[in-house]
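The next block holds one structure in the form of structure tokens; read it before the comments.
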Amino acid sequence: PIAEDGDIALYFLDLLTLNRPESDTVIYRAETEDGLEFSEPVVALTYPDDITDPYVLRLSDGNYRMFLARPTEPPSVISASSNNVLEFTPDGNTDTIYGATPGVLLLPDNSIRLFVPALEGIASYISHNGVTYEREPGIRIDAAGTVITDPHPVYLSDGRYLMVYVAHPNGQYTTERDRLASLEMHLAWSDDGFNWEIEPDMVKHGSVPGLVEAADGTLYIYYVDVNYE
């Protein structure tokens, strides 16, 4: 999700287009005025290979960049650009970043910090030109013996940064659905976008969360829920 002109736009993947050699992978966009009821989805990006987990960032020049995960081995991150936030075109000159489910921040100096899951936790890359990215030392959020994925950070109107991410509890599960249903969404706060403090309690069970602050200050998390009948 991204807040734009008082509304919220949600970007999401059409899973049915994955792994189909005869079709492009499609990213859709839908809009909402109240955070709950969305418009009919429209195509925002088509890509001739598998891509997942779009994250849209508004740049300092008013243009937009969508960061996406490529489920290759190892997984990597690519980007697409737009000058109208409606239709995106793949970038041809973005360096490869190793990792999946990217989350991105635009920092006060207009540099871009990109977060990806790593074995040790949530790692970060920095770019000062929007094209080349350098891995930053250390880990932004320590996995503490478990697996954490899906970092989605945002800059809030009060000047702080907030990130939602997913923790994968250790354990044995009878079915894949049971394993997915055990995933936990957690929050972390930061004053500088580099050092993060974790909230002790989970938000809710769910995966692939997207976080956004609406114009009235309400925080919304959109996520995948497998606890359905």
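The values are calculated or read from the model by the stated rules, or taken from the named source; none is laboratory data. Bear in mind the structure is a predicted one, so any value in this text is a computation, not a measurement. Here the Cβ is made from the backbone with ideal geometry for all residues, glycine too, and neighbour counts use every protein chain on show. Heavy atoms of the whole protein, side chains included, go into the accessibility calculation; ligands, DNA and RNA do not. Shrake-Rupley method; radii C 1.70, N 1.55, O 1.52, S 1.80 Å.
Looking across region 80-128 at every residue that is β-branched (Val, Ile, Thr) and in a loop (DSSP other than H, G, I, E, B), the one that is nearest to residue 143 (Cα to Cα) is identified as 101. Across region 54-74, not a single residue is classified as surrounded by 19 or more Cβ atoms within 10 Å (Cβ to Cβ), assigned to a loop (DSSP other than H, G, I, E, B), in contact with a strand residue (DSSP E or B) (Cβ under 6 Å, 6 or more places away or on another chain) and modelled with pLDDT under 95. Filtered by the rule that a residue be open to solvent by less than 30 Å² (accessible area, probe 1.4 Å), touching a Gly at 6+ places or on another chain (Cβ under 8 Å) and farther than 20 Å from residue 52 by Cα, region 129-152 gives 140, 141, 143. Screening region 107-122 for residues that are closer than 14 Å to residue 153 by Cβ and aliphatic (A, V, I, L, M) and picking the one that is farthest from the chain's Cα centre (by Cα) gives 107.
The condition (being touching a Phe, Trp or Tyr at 6+ places or on another chain (Cβ under 7 Å) and closer than 19 Å to residue 195 by Cβ) is satisfied by just one residue among 153, 137: 153.
Of the listed requirements (1) open to solvent by 50 Å² or more (accessible area, probe 1.4 Å); (2) farther than 26 Å from residue 14 by Cα; (3) in contact with an Asp or Glu (Cβ under 7 Å, 6 or more places away or on another chain), residue 110 misses just one: (3).
Counting only residues that are open to solvent by less than 40 Å² (accessible area, probe 1.4 Å) and over 25 Å from residue 216 (Cβ atoms), give me the strands (runs of 3 or more DSSP E) lying completely in region 1-52 with at least 1 of them.
Details: elements: 2-4, 7-13, 25-32, 42-47.
The qualifying strands (runs of 3 or more DSSP E) are 7-13, 25-32, 42-47.
Close contacts from region 160-178, counting a first residue that is free of Cβ contacts under 8 Å to residues at least 12 places away in the same chain and a second that is surrounded by 12 or more Cβ atoms within 10 Å (Cβ to Cβ), with Cβ to Cβ under 6 Å and a gap of 6+ residues or different chains, come to 173/179. Considering only region 75-106, state which residues are over 13 Å from the mean Cα position of the chain (by Cα) and open to solvent by less than 20 Å² (accessible area, probe 1.4 Å). Hits for region 75-106 are 76, 80, 82, 85, 88, 97. Note on region 123-134: residues that are under 18 Å from the mean Cα position of the chain (by Cα) and free of Cβ contacts under 8 Å to residues at least 60 places away in the same chain amount to 5.
Scanning region 184-217 for residues that are assigned to a loop (DSSP other than H, G, I, E, B) and open to solvent by less than 10 Å² (accessible area, probe 1.4 Å) returns 193, 206.
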